[in-house]
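Visitor: Below is a structure I'd like to ask you about.
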Amino acid sequence: MVLDDAYADFHAFFERHHAELARLAFMLTGEADASDDLAADALVALWHRWDRVRAADHPVAYARGVVTNMARARVRRLTRERRRITLFWAGRSERVEDPDVPAVVDVRRALARLPFRKRACVVLRHALDLSEKDTALALGISVGTVKSQTSKGMAELQRLLGAGAAEELTGRRNR
């Protein structure tokens, strides 16, 4: 009976939050396929700790934190892999001196250039429209850190995209 209640609670949580968690993973990684996998992996991890999660003050914030941590680990792993590949090809003699750099930098590429914490704050605050407090809960950092990282992240996006594009991204002005 208790397991049935836990299952029903988890199922309801899954139905309510799966899409949001997948969207968060996508915004943090920029990879559609990886985002579904990260959200699913996070939900499996939540199920294994479901008693603790549903007893938490903010189960959704806990879930966002799990997704964020998994996305961070993925980004770090991919970065290390890219470095190894770069080192491998750097030893080759067939080097391209002038690579073809795209003329237009889209939002995903600009977000990918931000350090992870700034990217996470910008995505949670502006793409998912979370409050500073909810963002802090999801990332396990202070509200002050959320404010400073979001501000610095938005300034960097404005530099990369131009002020108009960054405002268009957030749908806000001076918020």
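Visitor: When ligands, DNA and RNA are left out and all protein chains stay put, how many square angstrom of accessible area per residue does segment 9-56 have with a 1.4 Å probe?
Guide: It amounts to 52 Å² per residue over segment 9-56.
Visitor: Sticking with this one: Just order 130-138, 52-60, 22-30 by mean Cβ neighbour count inside 10 Å, highest at the front, would you?
Guide: 22-30, 130-138, 52-60
Visitor: Then there's this: Contour minus end-to-end for ARG83 and SER142, with contour as 0.36 nm per residue of separation and end-to-end as the Cα-Cα distance?
Guide: Working: separation 59, 0.36 × 59 = 21.24 nm, distance 3.18 nm.
Value of the extension gain: 18.1 nm.
Visitor: Pop out the carbon and sulfur fraction of the accessible area of segment 1-40 as a percent, whole number, probe 1.4 Å.
Guide: C and S fraction of accessible area: 59 percent.
Visitor: Can you tell me how much longer the chain between ARG108 and LEU128 gets when fully stretched, taken as 0.36 nm per residue apart minus their C-alpha distance, in nm with one decimal? Walk me through the numbers before you get to the answer.
Guide: Values: separation 20, 0.36 × 20 = 7.20 nm, distance 1.49 nm.
Full extension of this stretch gives 5.7 nm more.
Visitor: Continuing with the same structure: How many nm is it between the label spots at ALA45 and ARG16, if each spot is 7 Å from the Cα in line with the beta carbon?
Guide: 2.1 nm
The values are calculated or read from the model by the stated rules, or taken from the named source; none is laboratory data. No experiment lies behind these values; they were computed from the predicted model shown. FYI the Cβ positions are ideal-geometry reconstructions off the backbone, even for glycines, and counts take in every protein chain you see. What goes into the accessible areas is simple: the full protein's heavy atoms, side chains included, and nothing from ligands, DNA or RNA. Shrake-Rupley method; radii C 1.70, N 1.55, O 1.52, S 1.80 Å.
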